[in-house]
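Following: one structure in structure tokens, then a few remarks.
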Amino acid sequence: MERTVYLNGEYIAESEAKISIFDRGFLFADAVYEVTAVLDGKLIDNAGHLARLERSCKELGLKLPVTGEELTAIQKTLVEKNALVEGGIYLQLTRGDEGDRDFSFSDSIEPTLVLFTQARSLIKSAKTETGIRVISIDDIRWRRRDIKTTQLLPACLAKHMAHAANADDVWLIEDGFVTEGGSSNAYIVTEDNTIVTRPLSNDILHGITRASLMKLANDFDFKIEERYFTIEEAYAAKEAFISSATTFIWPVVAIDDKAIGNGKPGPLALKLRDIYINTALELAE
Ligand code: PDD
């Protein structure tokens, strides 16, 4: 069945949604995006996603053509039109199309706004049961990873490389320290049950799931420390896990073929995942 998608003010069938070959999102990855999870037909952590979208736009001088309230209304309409119960809503805003390929751009250009839904099982997921295997590779991305742009070729190549190595994903390394996952934030758990994750900076995406986890960890008395950690420290960790809007929390059971802990999903990661999902459902819009 065809999905109904949103393109520049219109709700149309996905096969009818067309954008120009001169769109700067297509030519230059001059675009930002957000992915909001949907559970029980409701939006999860959406205020955080829209706030980050506004920030990304501000950092790049991109014009957001609708208000946050209008965006939420569009997201809810798409959920309804597509009878989406569980999955996500993808939103992309490009700088638009000036009718030719030119590196420089004018400030009067009209942006392109696209949203579509993706049905996906989030609560019941095989990866939660098995955990994921990751390989570590060099983080070759640009220096403004805090802006959620669509320049995702390094992530696509990295995941392809992981799959070729019989792994599920990557952890990215810069100067010996883990930055984040291929499309997620990265965490380890130390022997004394402290959750460790890299502090926020321009080096990583400021994950919305991460922000919620930090708050929950405090509310539920988990010890949490924001500091750099090396891949060697990760190999020796008691547990490891990732967070994102498309996974919530997935345990990491192996890094570079080395088992983490006993090689099974860690209890702390699974507990935090349950707490996150229960709270997210209570707060869902
Ligand atoms: N990715 N770091 C990177 C590089 C990411 O791409 C993502 C999310 C995250 C986690 O952010 P959040 O918790 O706000 O989803 C961290 C999305 C899910 C994607 O590209 O599909």
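The values are calculated or read from the model by the stated rules, or taken from the named source; none is laboratory data. Keep in mind that this is a model prediction, so the values were computed, not measured. Don't worry about glycine lacking a Cβ; one is built from the backbone with ideal geometry, like all the others, and counts go over all protein chains shown. In case anyone asks, the SASA skips ligands and DNA or RNA and just uses the protein heavy atoms, side chains included. Shrake-Rupley method; radii C 1.70, N 1.55, O 1.52, S 1.80 Å.
Only protein atoms count toward the accessible area here, which uses a 1.4 Å probe; on the range 151-285, the carbon and sulfur part of that area reaches 56 percent. As a calculated quantity, the FRET efficiency between Leu152 and Glu2 at R0 = 22 Å, using C-beta atoms, amounts to about 0.30. For the range 126-283, calculate the relative contact order in percent as a whole number, restricting contacts to Cα pairs under 8 Å that are 6 or more residues apart. It rounds to 26 percent for the range 126-283. Ranking Leu270, Leu7 from most to least accessible surface, computed with a 1.4 Å probe over the protein chains only, gives Leu270, Leu7. Rounded to the nearest 20 debye, the dipole magnitude of the range 4-119 is 200 debye, with +1 charges on Lys and Arg beta carbons, -1 on Asp and Glu beta carbons, and the Cα centre as origin. Net charge of the neighbourhood of Tyr235, taken over other residues with C-beta under 14 Å away and scored Lys/Arg +1, Asp/Glu -1, is -3. In the chain, helices alone account for a calculated mean residue ellipticity at 222 nm of -9000 deg cm²/dmol, with every DSSP H run of four or more residues adding -39,500 (n - 2.57). About the centre of its Cα atoms, the chain shows a dipole size close to 360 debye [charges on the beta carbon of Lys, Arg (+1) and Asp, Glu (-1) only; nearest 20 debye]. By the rule of a C-alpha distance below 18 Å, with chain neighbours fewer than 8 residues away ignored, the lysines paired with Lys223 are Lys215, Lys238, Lys271. When only Cα pairs below 8 angstrom with a gap of at least 6 residues are kept, the range 4-119 shows a relative contact order of 38 percent.
With 0.36 nm allotted per residue and the present C-alpha distance subtracted, the Ala29-Ile140 stretch has 38.3 nm of extension available. For Ala31, the residues 5 or more places off, or on other chains, whose built amide H falls under 5 Å of its own are Thr150. Pairs of Cα atoms in the range 4-119 fall into 5 Å distance bins, from 0 up to the last occupied one, in shares of 2, 12, 23, 23, 19, 13, 6, 2, 0 percent. With contacts taken as Cα pairs under 8 Å and at least 6 residues apart, the chain reaches a relative contact order of 19 percent. Divide the volume of the convex hull around the Cα atoms of the chain by the residue count and you get 133 Å³ per residue. Roll a 1.4 angstrom probe over the protein heavy atoms and tell me the percent of accessible area of the range 4-119 that is carbon or sulfur. C and S fraction of accessible area: 51 percent.
The three principal axes of the Cα atoms in the range 126-283 give end-to-end lengths of 36, 33, 28 Å, sorted in falling order.
In a DSSP loop and with at most 16 other Cβ atoms within 10 Å, the chymotrypsin sites (Phe, Trp or Tyr not before Pro) in the range 1-83 are Phe22. With 0.36 nm allotted per residue and the present C-alpha distance subtracted, the Glu232-Glu191 stretch has 13.3 nm of extension available.
Summed over the residues of the range 116-209 and divided among them, the accessible surface reaches 47 Å² per residue at a probe radius of 1.4 Å.
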